[in-house]
Every structure is written in C-alpha cells, then in structure tokens.
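Structure first, commentary second.
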Amino acid sequence: MLRAMIATLVLMALDPAMTFAEEQSSAQAPITVTDIAGRQVTVNAPVKRILLGEGRQLYLIASLETEDPLARIVAWRNDLIEADPATYAQYLQAFPRLATLPAFVGKENGLIDIESTIVQKPDVVLLNLEAMSANEDVKYIEKLAELKIPVLYIDFRHYPLKNTEPTIRLLGKIMGRENRAEEIIAFRHQAMARVTDVLARVEPQRPRVFVERIGGYADDCCLSFGAENFGKYVELAGGHNIGSDLLPSTFGQLNPEQVIAADPEQVVVTSADWEAYVPGGKWIPLGPGADPKVTRKKLEWFTTRSAYTGIAAQKTRNFHGIWHQFYNSPYEFIAVQQLAKWFHPDLFADLDPDATFAEYHRRFLPIPYRPGYAVSLSDSAN
C-alpha cells in the first residue's frame, strides 16, 4: 500500500497535471440516466468509448471535450463529411486522425449496423430520437442490451428548444463534464435573452415569414417547418411563421399557391454545401468560410421561384439564406439572433450573431471561427 502511494506521488511529481481527482474521474462506475425518450438507462461513466449514430453529434461532443473531441469516439456515421464538408475540413485539419475514424453510412432515422457496433465495443451508442421507431421494429436496443451495450436517444432536431439542453446535460453527465455542460447552457441562455428580452419589452409587429427548408436540395416546392425547429426560431425572433398555421408537424410541405396566398414579408432559405448529394445544385454553400459573393449570387435565384411571384418579400428583397445545420445542432441560439436582426433591424442594430458565434468558438470549440453562416439581399441587412 505504501509502495503504491509513493509510486503515485512520483508520477504526480513528473506530471503536475495529474491529480487524485483525475485518477478517480477516470474510473468508471455504473450510473442510471434518463434519455430524451424518457428511458432509464444504466451506463458505465465516465464513458470512454462513444459511438455516434450521427456525425453531427460531434458539434456537442467537441463543445464538451474541447481538448480532444475524438478521444472518446470509436465510430460515427458519415453524414458530417457529406452534409457539412467545411466543418469536417476544419476538424480534419485540427485532428488528422479523424480521417481514419471508422465510419458507416445510413439515414437520420435509420439503423446502425449491429455487427459493426459490436466490433467497436462502445460504452454507449448515441442515436437520434427519430431513429427510435426503426430500432423498436427490429429490437435493436434489446440485442445490444444483451451484450451490455447501452443506447441513449438524444435530440436537436424535432424539439430543439425543449430537448437540446437536456441533451447537453445528459452527455455532460455520462462524460463527466457536468460543469462544462452548465457553462454551455448558461451561454445559450444569455445569447437567447439578448433577443427575447428586447421583444418582450417592445412587442413589435411580427412580419409574416416563410422558411424554405433545404433550399436547393430538391426541386420540390415548398418544403418548410411547422411550429417547431426553424418555425419556433422564427417566433422567438419576433416573426410569424407561416408554416405554423398550415403544417401539423415539425416538417412538411406547402404548395406554391399557399405560399403566395400567405404573402410572406420575409423569406428565409435554409441551405448548405450539398455537393455530395446534389452536384451543381441550386443550394447555397453556407457554412464556415463561405464566400459571400457566391452565397449572395445563389440566393438571388430563389427570388425567381414561381412560389414567390408577387409576394411582399419579393418587392422589398427581404430574402435571406441561413446555414441549414442550425436545425440540428446545439447552436440554434445563433439562428434566433440572426433572424431577429433580419426581422427587426432597428431593434437589433447592435446585435452581432457573428461575434456571438465567434465567442462560442473561443470558449467551447477546438476550431477557429470562420464567418459564412448567413447571407441576405435586403438593404437593411447590408
């Protein structure tokens, strides 16, 4: 016993960063947590081997584990590579071994290959809430449970304003980063309050807003959001989301006649660099480092869509493009700030969403901030 204590003290002398607390925190012990689906799940924490059921879950993992976000990830789905290539390039430059991280293909609401999962021996598998139905059909959770591999459901997409912060707390708990999780949540509250407090005080008239979802990804018109996700962001930013009146769920589609009849005063197009999915498409390559001349030119095309013929926004050029991944990340407070600035430029003249996102990067992410997440044709935004 004495010899072991002396050995530990020698190691601490050689590495001052090592502490008894760190030794203790690295030791795993079973804890029971409640995931976003309301399931009680026991995991060995802090988890050391995480399998990401969606690559974009890295946005949060990196916020909680900034020094080396790959330290605990054993495999991931390849969607970040294809859906957000600019961010992937940033992480690849900072962490070159990302290129060798085992990756698998699949859809947002689909299954993960169970054999590949078993090979990685994860402490936990993180799945999106919308994959729950498919997993129940094939007893995926039960099969992994027999091998003592727990699954947790998280959500940034369907009810982000309700589920993002519980998701942050859940991952903070299983990773042993609870204090860090609370710091992120406090930052989010402060950023959101810079919009909601002003609107509560002033109560301005709300412009009618149509959000075109995944603009340029498909030729169909007009995909949009109901009362959740970007639909909720619009309301928090002081607008009235047209989709909330007509769509019963988070995601849906209106016909062009419905859009024209609603006569939106503002049109917001969510888009991104989707060259991997739609080579040479009408999408707007928004994201870190996007060229504003290119994004503005591509946004111009949307003003010519037949669904917008004669609407108020076409006459005033209140057309805006915003990074689609705000719909599926812990960064939606940036989208709310940006929308508020477009809808109420006088009220939010001093609000700078770029500065807010840059500060978040400095405090919580291992990559530098690069602007390029939004573009606008309106004179007030310029």
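Odds and ends about this structure:
- Within segment 136-156, the only residue that satisfies the criterion of being under 17 Å from residue 58 (Cβ atoms) and either at pLDDT below 90 or β-branched (Val, Ile, Thr) (or both) is 154.
- Among the candidates 212, 178, residue that is modelled with pLDDT of 95 or more, buried (at least 20 other Cβ atoms within 10 Å of the Cβ) and among the acidic types (Asp, Glu): 212
- Reported count of residues in segment 315-338, each being touching a residue at least 12 places away in the same chain (Cβ under 8 Å), assigned to a helix (DSSP H, G or I) and under 15 Å from residue 210 (Cβ atoms), is 1.
Quick grid of which residues meet (1) farther than 20 Å from residue 156 by Cα; (2) buried (at least 20 other Cβ atoms within 10 Å of the Cβ); (3) charged (D, E, K, R); (4) at pLDDT 95 or above:
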site: 94; (1), (2), (3), (4): yes, no, no, yes
site: 103; (1), (2), (3), (4): yes, no, no, no
site: 107; (1), (2), (3), (4): no, no, yes, no
site: 124; (1), (2), (3), (4): no, yes, no, yes
site: 134; (1), (2), (3), (4): no, no, no, no
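- Restricted to segment 36-54, and to residues there that are surrounded by fewer than 23 Cβ atoms within 10 Å (Cβ to Cβ) and not aliphatic (A, V, I, L, M), the residue that is nearest to residue 334 (Cα to Cα) is 38.
- Members of segment 87-102 that are in a helix (DSSP H, G or I) and closer than 11 Å to residue 69 by Cα: 91, 94, 98
Yes/no matrix, rows are residues, columns are (1) of a type in the set (A, V, I, L, M, F, W, C); (2) not assigned by TED's automatic domain parsing to the domain that holds residue 35:
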residue	(1), (2)
171	yes, no
196	no, yes
211	yes, yes
233	no, yes
257	no, yes
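The values are calculated or read from the model by the stated rules, or taken from the named source; none is laboratory data. Being a predicted model, the structure only gives us computed values, none of them experimental. Positions of Cβ are generated from backbone atoms using ideal geometry, with glycine treated the same way; all protein chains shown enter the neighbour counts.
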